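Below you'll find the structure, written out as structure tokens, and then a few comments.
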Amino acid sequence: MFHSETGVFKTSYAADMALYPLPVARWTVAALAAVFLVGVPLLFTPYMMTLLNLVLIAVVGAIGLNILVGSTGQISIGHGGFMSVGAYTAANLIVRLHLPFWLAIPAGGLMAALIGIIVGIPSLRIKGIYLAVATLASQFIIEWTINHVTWISGGIEASIQVPPPSVFGVKLVTPTALYFFLLFFAVLAIVATLNLMRSRIGRAFIAIRDQDIAAEIIGINIFKYKLYAFAISSFYAGVTGVLYTYYYGIANYEQFGIDVSINYLAMIIIGGLGSVLGAIFGAAFITLLPEAVRLFLKHYGSMVFSQDAVLRIVPNMQLILFGGLIIFFLVVEPEGLNRLWRNIRNYFRVWPFSY
Amino acid sequence: MTPRSARFLTLALGVAMAAAYTGSARAADKGTILLGMQCDRTGPTQVVGTALCPGTHDYIDMINAQGGVDGWKIEADEVDNAYTVPPAIAEYERAKQQGAVGVMVYGTPQTEALNQRLEQDKIPGTSPGFGIAASADGKYYPYLFPIAANYWSQGAAAVQFAKQQLGGSLKGKKIAYIFYDNPAGHEPLPVVEQLSKDEGFTLQTFAVPPPGVDVSSQVLAIAQQFRPDFVIDHTFGKSPALVIKGLQQNGYPLDKVVALVWASGEADILGAGGWKVAQGYNTMQFAGAGENYPVINEIKAFYKKAGKAPPATMASTVYYNRGVFQAAVWVAAVKNALKLSNGKKPTPTDVAKGFEMIKDFKLGGLVPPITISPTDHEGGGWVRIFQVKGEAFVPKTDWFRGYRDLVVAKEAKIAEQMAQKSN
């Protein structure tokens with residue numbers, strides 16, 4: 001946030017590495033907490049809540065993918081597949097064993113992590129575009145398996161209905177109740193990742209991304225850490241899948257197709273590779289932009305077009321504007337929305353004494 | 001979400017509501033009844049949406065121009081979900097917030113994701129020809145209305161049609177089932193398999209893996225190796241055109257092929273290389289194909305009166321007519337709901353009950369004699385076969401149902417299972 005660092009002296013390594021290096025950051029966090037815990041539920045309509053909920057789920061998935069792509073420099077076009085793995089694992093456990101959400105969610109994540117490790121094995125030998133194709137294959141293999149193995153898919157239209165999550169016997173069904181449920185996991189993902197990235201494992205990831213041979217020479221076990229990255233990232237994807245399942249009330253692999261995998265890649269590229277805040281920006285941007293464009297065109301489009309033409313044009317304009325804005329933002333700031341935000345912040349940090 | 005985008009949304013929403021208010025104040029004597037309407041004019045199945053959605057709008061516009069439903073105007077608030085799920089959820093919540101009395105859902109994954117919300121909010125939704133097959137059973141799915149033959153009814157009807165075409169008995173005959181390898185493609189299979197045991201025919205299945213842009217090996221296997229007496233074609237998207245073309249090129253007679261409802265549009269015929277190629281191809285429809293219906297003529301007259309030419313999308317009669325069908329069933333439900341609410345603005349529950357009061361609804365032959373009841377939300381599961389002859393779809397059969405008892409028993413069984421599981 002906007003604040004001055006004057007007079008803050010760090011005298012120990014611990015202080016330098018703290019999650020909040022400045023005292024004022026604590027106030028920022030407190031203010032954010034107040035906004036999200038009190039302000040949002042009071043002011044938002046159910047419709048806005050629904051949009052926000054979709055953003056929160058996307059935040060978890062985007063942060064997870066960012067660990068792999070942005071921080072470790074590996075690529076995955078198969079994250080939609082990992083989401084289905086999480087979704088079906090949890091759905092089966094919920095329906096067959098009646099597990100509560102606090103067991104089903106980690107279980108879905110762990111199963112996705114296991115599959116993620118298997119998919120990640122080729123990453124030791126192949127890089128870049130080759131790895132991309134390998135992960136793409138995993139997407140299709142997972143889809144095929146779920147479609148054809150009725151033991152996993154439940155047999156009827158390859159989908160399993162699940163009851164809503166319940167906390168202390170209260171079923172969470174309203175957008176507001178689900179908001180708190182999803183906010184908890186989004187915050188957990190954010191805090192966990194912030195801490196992960198300043199740990200030994202996180203630094204190993206960054207070393208591998210920046211120069212893998214150099215990383216190996218200074219003693220980082222590349223194989224191990226690449227698999228860690230795949231496992232952690234797929235764990236997040238699996239959790240995202242379970243959250244979607246709870247949110248929709250049904251697990252269905254068609255909800256996690258290749259387009260979803262690519263959407264998540266778009267989120268982190270637009271948001272900013274390798275940063276948690278970037279993933280959050282990207283998730284919000286990609287989720288809300290189509291809706292904003294649609295509302296805008298719907299209410300101002302009739303000034304230019306006839307009402308009938310609006311209906312025909314809006315969906316296509318939505319795609320054109322969506323693509324155009326993505327290109328625009330990437331041209332303006334190739335390092336993503338996060339960098340844009342940092343530029344603004346850096347400007348105000350020394351404002352008005354910028355010399 | 002940042003506070004700024006929240007403010008933008010509030011603003012946009014405010015504008016939306018203001019627009020809705022001024023609109024309703026201007027429009028009618030009694031007011032406006034809002035329906036949510038989801039469409040796919042973009043996305044993988046846009047060939048359907050680009051013709052279906054205009055059909056729905058045209059019918060509703062015409063009803064409004066004729067004075068509405070008992071003085072109430074109907075507004076169908078269209079949104080494009082591009083066959084993806086998140087916008088379907090967000091738009092459903094928006095429609096609900098704005099006071100919609102029901103939602104026309106589009107797409108199977110979308111229907112599945114909205115099912116719990118519909119039930120919990122007690123808002124009726126329709127899913128004609130797709131969605132959850134078990135939802136035909138209104139006892140377990142009180143707020144979901146498939147209103148047209150589901151995949152099980154379609155599969156059973158296809159076998160019935162084959163039986164009729166092959167001289168009344170299927171004993172010892174061979175039937176090929178070519179299908180798109182996704183959940184919807186698998187859906188009719190259990191029914192067809194059961195019937196192959198009951199009727200004593202040999203069934204062989206041929207899967208077309210997504211995205212279904214190459215069917216040559218399956219077509220070759222059917223036409224050259226298996227040489228069946230009849231083919232049931234349950235493919236989507238680009239595949240139906242390729243199946244038609246492939247079978248024709250391999251010399252398989254197309255009058256021994258019956259396509260289920262999503263392989264039966266004009267676009268599939270044109271994609272195969274035109275009407276000439278597809279002569280004899282049998283298509284299954286849950287709303288009539290072609291232009292020769294009173295209601296379609298009415299819509300044309302409505303356009304003429306407004307001084308406009310009928311839209312080009314009307315030429316895609318199969319999907320356009322399904323759009324009209326969808327709109328007409330909603331209008332009928334709203335009309336019934338107004339009886340329940342004594343002319344006041346109906347609640348979503350009234351409209352759901354209104355659906356269940358629909359009886360022998362024919363719309364001048366465009367739709368089968370639909371009767372929806374609290375237990376049967378499928379409307380009877382009627383279909384009709386139209387054959388490609390010359391440059392049109394010509395009715396080959398009357399409205400009929402195949403093996404109704406078997407389908408109903410299965411619907412009830414699966415619905416019960418699913419309801420038990422999710423509790």
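The values are calculated or read from the model by the stated rules, or taken from the named source; none is laboratory data. Remember, it's a predicted structure, so these values are computed and weren't measured experimentally. When we count neighbours, we look across all protein chains shown, and the Cβ atoms used for this are built from the backbone with ideal geometry, even at glycine. Heavy atoms of the whole protein, side chains included, go into the accessibility calculation; ligands, DNA and RNA do not. Shrake-Rupley method; radii C 1.70, N 1.55, O 1.52, S 1.80 Å.
The table for this structure:
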{"item": "Normalised alpha carbon radius of gyration of segment B:244-360 [divisor 2.2 N^0.38 Å]", "result": "1.42"}
{"item": "Isotropic mean projected area of the C-alpha convex hull, chain B (nm²)", "result": "21.2"}
{"item": "Mean ellipticity per residue at 222 nm, deg cm²/dmol - from DSSP H runs of n ≥ 4 across chain B, formula -39500 (n - 2.57)", "result": "-14000 deg cm²/dmol"}
{"item": "Label-reachable residues, segment B:220-243, where backbone N falls under 15 Å from a point 7 Å from B:Gln204's Cα toward its Cβ", "result": "B:220-232"}
{"item": "Residues B:Lys276 and A:Arg345, FRET efficiency given R0 of 60 Å [Cβ-Cβ distance, rounded to 0.05]", "result": "0.35"}
{"item": "Label zone at B:Lys174 (point 7 Å along Cα-to-Cβ), backbone N below 12 Å, segment B:217-241", "result": "B:221-231"}
{"item": "Charge dipole of segment B:167-314 about the Cα centre (unit charges at C-beta), most positive-ward option of B:Ile299, B:Met284, B:Gln249", "result": "B:Ile299"}
{"item": "Listed residue (B:Pro210, A:Leu124, B:Met418) projecting farthest to the positive dipole end of the protein assembly as shown, Cβ model", "result": "A:Leu124"}
{"item": "5 angstrom amide H check on B:Phe206, placed H, neighbours 5+ away", "result": "B:Tyr177, B:Ile178, B:Phe179"}
{"item": "Between helix B:239-249 and chain B: long-axis angle, C-alpha atoms, 0 to 90°, nearest 10", "result": "30"}
{"item": "Length-normalised contact order of segment B:233-329 in % [C-alpha pairs under 8 Å, at least 6 apart]", "result": "27"}
{"item": "Within chain A, helix-based [θ] at 222 nm, where runs of 4 or more DSSP H residues each add -39,500 (n - 2.57), nearest 500", "result": "-23000 deg cm²/dmol"}
{"item": "Rg to Rh quotient for the protein assembly as shown, alpha carbon positions, Kirkwood Rh", "result": "0.99"}
{"item": "Relative contact order of chain A, defined on C-alpha pairs under 8 angstrom at six or more residues apart (%)", "result": "29"}
{"item": "Helix axis angle, B:151-165 relative to chain B longest principal axis, alpha carbon, degrees", "result": "40"}
{"item": "Separation between Cα centres of segment A:63-141 and segment B:82-159, rounded to whole Å", "result": "30"}
{"item": "Pairwise label distance in nanometres, A:Ile206 with A:Ala266, each label 7 Å out on the Cα-Cβ vector", "result": "3.0"}
{"item": "Listed peptides B:349-360, A:260-271, B:294-305 by packing density, highest first (mean Cβ within 10 Å)", "result": "A:260-271, B:349-360, B:294-305"}
{"item": "Pairwise label distance in nanometres, A:Ala25 with A:Ser306, each label 7 Å out on the Cα-Cβ vector", "result": "5.9"}
{"item": "Charge dipole magnitude, Cβ of K and R +1, D and E -1 - chain B, Cα centre, debye nearest 20", "result": "460"}
{"item": "Rough spin-label spacing in nm, given labels placed 7 Å along Cα→Cβ, for B:Glu291 and A:Ala15", "result": "8.4"}
{"item": "Percent of beta bridges antiparallel (DSSP, the protein assembly as shown, rounded to nearest 5)", "result": "35"}
{"item": "Average beta carbon contacts from partner chains per residue of B:179-187, 10 Å cutoff", "result": "4"}
{"item": "Residues of segment B:327-368 with amide N under 19 Å of the 7 Å Cα→Cβ point at A:Thr45", "result": "B:348"}
{"item": "1.4 Å probe accessible area per residue over chain B, in Å²", "result": "36"}
{"item": "Shielding by other protein chains, A:250-256, mean Cβ within 10 Å", "result": "6"}
{"item": "Net charge over other residues, Cβ less than 12 angstrom from the Cβ of A:Thr174 (K, R count +1; D, E count -1)", "result": "+1"}
{"item": "Number of partner chain Cβ atoms within 10 Å, mean per residue of A:38-48", "result": "4"}
{"item": "Phi to ³J(HN,Hα) by Karplus 6.51 cos²θ - 1.76 cosθ + 1.60 over segment A:30-38, Hz, x for Gly, Pro", "result": "4, 5, 4, 4, 5, 4, 7, 8, 10"}
{"item": "Degrees separating the helix B:85-97 axis from the principal Cα axis of chain B, which is the longest one", "result": "40"}
{"item": "Backbone HN-Hα couplings from phi across segment A:233-249 [Karplus 6.51/-1.76/1.60, Hz, Gly and Pro as x]", "result": "4, 5, 4, 4, 4, x, 4, 4, x, 5, 4, 4, 4, 5, 5, 8, x"}
{"item": "Computed FRET value (nearest 0.05) for A:Trp144 with B:Asp405, which takes r as the C-beta separation and R₀ as 35 Å", "result": "0.50"}
